1. Determine the alpha carbon to alpha carbon distance for each of Lys93/Lys172; Lys128/Lys176; Lys13/Lys156 and list only those over 29 Å.
2. Just to verify a number: what accessible area does Asp50 come out at with the full protein assembly present, 1.4 Å probe, Å² rounded to tens?
3. Is the stretch 56-151 rounded, prolate or oblate when judged by the Cα gyration tensor, a ≥ b ≥ c being the square roots of its eigenvalues, rounded requiring a/c under 1.5 and prolate requiring a/b larger than b/c?
4. Output the peptides 159-167, 115-123 sorted from most to least packed, where packing is the average of other Cβ atoms within 10 Å over each peptide's residues.
5. With all protein chains present, how much of the accessible area of the stretch 53-205 (probe radius 1.4 Å) comes from carbon and sulfur, to the nearest whole percent?
6. If you take the square roots of the eigenvalues of the alpha-carbon gyration tensor of the chain and sort them as a ≥ b ≥ c, do you get rounded (a/c under 1.5), prolate (a/b over b/c) or oblate?
7. Can you sort Trp139, Trp204, Trp34, Trp91 by solvent-accessible area, 1.4 Å probe, largest first?
8. State whether the stretch 1-128 is rounded, prolate or oblate according to the following rule on the C-alpha gyration tensor (a ≥ b ≥ c being the square roots of its eigenvalues): a/c under 1.5 gives rounded; otherwise a/b larger than b/c gives prolate, and the remaining case gives oblate.
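The values are calculated or read from the model by the stated rules, or taken from the named source; none is laboratory data. This structure is a prediction, so every number in the text was calculated from the model and none was measured. When we count neighbours, we look across all protein chains shown, and the Cβ atoms used for this are built from the backbone with ideal geometry, even at glycine. All accessible areas refer to the heavy atoms of the entire protein, side chains included, with ligands and DNA or RNA removed. Shrake-Rupley method; radii C 1.70, N 1.55, O 1.52, S 1.80 Å.
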Amino acid sequence: SATSVMYNLNGVKNNLHLTGPVIADIFLGKVTNWNDSRIKQINPGVALPDKEITPVYRSDSSGTSFNFTSYLNTVSKQWKSQIGNGTTVNWPKGVGARGSSGVAGVVSRTEGAIGYVDVAYALKNHLKFAAVQNRSKQWARPGLVGIQAASLADRKFSSTNALSIVNPPPGKKFRKAYPICTYTYIILRTTSPQASLLKPFVTWALTTGQADGRPLIFQPIPKIVKNKGLATLKKVHS
């Protein structure tokens, strides 16, 4: 899925251009106004208001925060050295809210706010979200096309089956890649008294169930990832 960078600015178009370093500096408290010269420079012809920026972040532990802060680590040396990445971090500036619905709610009620949520929440709440510049210097959007292109970035599984598709490298196949994407993981015990019920469900989720994700802007996983998941699932037993 993709983590969108949503914002609330009356009179400003959807898909405002933002770069990684600018997003990092907004959440670091270094870029504080929407008509900052750095934002204006990458949005020629857009009338940006003299409005204070209010960053909004997840106050609870969150995989979305992990994805977002992992991205900020790749685009800002200051963020990486001072804040780092995790399911929760010490945010230097802004307003915290619990859950994706909480973040979306605060952004929707706060003129000038900016926050991060799974793109499905931004769409559900009719919030505008940024087109973020990727490493191929293209303005990418957090949709199915951008997620699919990002999924090509890493095919080397860690010992825990983790893959990172954050901020893919420049190149032709990554031109449409949205840089703030992540896989969703299922964590299972290898021994479970419910294995006979659990394994068919997870098999469905890895196979037939993938098609149900598209309406929620979840791109079906690549074949190599599906096969790895099915092979790992064989380790689960009663």
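1. Going by Cα-Cα distance, Lys93/Lys172; Lys13/Lys156 fall outside the 29 Å limit.
2. Asp50 exposes around 120 Å² with every protein chain in place.
3. Oblate.
4. Put in order of decreasing packing, that is 115-123, 159-167.
5. 53 percent
6. It comes out prolate by the Cα gyration axes.
7. Trp204, Trp139, Trp91, Trp34
8. Taking the square roots of the gyration eigenvalues as a ≥ b ≥ c, the stretch 1-128 is oblate.
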